[in-house]
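The values are calculated or read from the model by the stated rules, or taken from the named source; none is laboratory data. Note that the structure is predicted; figures quoted are calculated from it, not measured. As a convention, Cβ positions derive from the backbone with ideal geometry for all residues, glycine included, and neighbour counts pool all protein chains shown. Protein only, heavy atoms only, side chains kept; ligands, DNA and RNA dropped before computing areas. Shrake-Rupley method; radii C 1.70, N 1.55, O 1.52, S 1.80 Å.
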Amino acid sequence: AQQERAECAAFPYTGVAGTGNERSFIAIKPDGVQRGLIAEVISRFEKKGYKLVAMKMIWATEEMAANHYDDLKGRPFFPALVKYFASGPIVAMVWEGPDVIKTGRKILGATNPQAADVGTLRGDFCLTTGRNIIHGSDGPESAAHEIGMWFTEKECSAYSRSIDSWIVA
Ligand code: ADP
């Protein structure tokens, strides 16, 4: 195991948007955790072929929630959003793979679950924008900001899987 870990550490830095190792920050929001949807969310990203490179459960403070949603500070729903995001533990994750930021958003579905296609997480599992179960980075800049905010570089594992060549070519 020690040797394997050393090999992981020697793995080149990954996570650059537009490469095969693009990374996105995905978080199961407090309602998703409460409703028992952790495994469902992980399953969809896993079955798609993406690689989970970091994960932890964390109960965010309102300050952390506000920092996470910094770009929405001026919006009328911001105070309610901060309370919602800090209302219970979340499952924070980093997923890696080709086009994971954009494709991850498709797996999530539209922000408003009533506009989200059936077959997406929001289309299948929730009803209103105020309780839409999951977060996903919406671009390379937010992905970098969010991954850096919730995880240290050491908490993100760069590793290869023997099945990778059956998933990407
Ligand atoms: P997304 O989460 O799809 O990236 P936004 O960045 O626009 O969507 O908004 C962040 C989150 O803020 C949404 O997921 C949702 O929880 C909440 N939100 C957005 N718009 C509204 C709204 N009009 N009313 C209540 N909550 C909202």
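Tell me which residues, restricted to the stretch 141-169, are assigned to a helix (DSSP H, G or I), surrounded by fewer than 17 Cβ atoms within 10 Å (Cβ to Cβ) and not small (G, A, S).
Across the stretch 141-169, the qualifying residues are E141, M149, E153, K154, E155, D164, W166, I167.
Can you tell me which residue in the stretch 128-157 is nearest to the ligand (Cβ to nearest atom), limited to those that are among the charged types (D, E, K, R) and modelled with pLDDT of 95 or more?
Among them, the one singled out is D138.
So which residues in the stretch 119-140 are open to solvent by 90 Å² or more (accessible area, probe 1.4 Å) and over 22 Å from K48 (Cα atoms), if there are any at all? Break it down into steps so the answer makes sense when it comes.
Our first condition is that a residue be open to solvent by 90 Å² or more (accessible area, probe 1.4 Å); within the stretch 119-140, this holds for 127, 131, 138.
Hits for the stretch 119-140 are L127, R131.
Do we find a residue being of a type in the set (S, T, Y), more than 14 Å from the ligand (Cβ to nearest atom) and open to solvent by less than 60 Å² (accessible area, probe 1.4 Å) anywhere in the stretch 95-118?
Yes.
If the Cβ limit is 9 Å and pairs must be 6+ apart or interchain, which residue in the stretch 67-85 that is in contact (Cβ under 8 Å) with a residue 12 or more places away in the chain and open to solvent by less than 80 Å² (accessible area, probe 1.4 Å) pairs with which residue that is near the ligand (Cβ under 8 Å from one of its atoms) and among the charged types (D, E, K, R)?
From residues that are in contact (Cβ under 8 Å) with a residue 12 or more places away in the chain and open to solvent by less than 80 Å² (accessible area, probe 1.4 Å), the pairs are Y69/R75; L81/R75; Y84/K29; Y84/R131; F85/K29.
Could you figure out which of (1) surrounded by 16 or more Cβ atoms within 10 Å (Cβ to Cβ); (2) charged (D, E, K, R); (3) under 30 Å from S162 (Cα atoms) isn't true of K29?
(3)
Looking at the stretch 8-17, can you tell me whether even one residue there is in a helix (DSSP H, G or I), at pLDDT below 95 and open to solvent by 60 Å² or more (accessible area, probe 1.4 Å)? Give the steps one after another, and end with the answer.
Here is the first cut: in the stretch 8-17, the ones in a helix (DSSP H, G or I) are 8-10.
Okay, now just the ones that are also at pLDDT below 95, so 8-10.
Those left that are additionally open to solvent by 60 Å² or more (accessible area, probe 1.4 Å): 9-10.
The answer is yes; a qualifying residue exists.
Working only within the stretch 148-169, note down all residues that are over 17 Å from P98 (Cβ atoms) and of a type in the set (V, I, T).
Correct list: T152 only.
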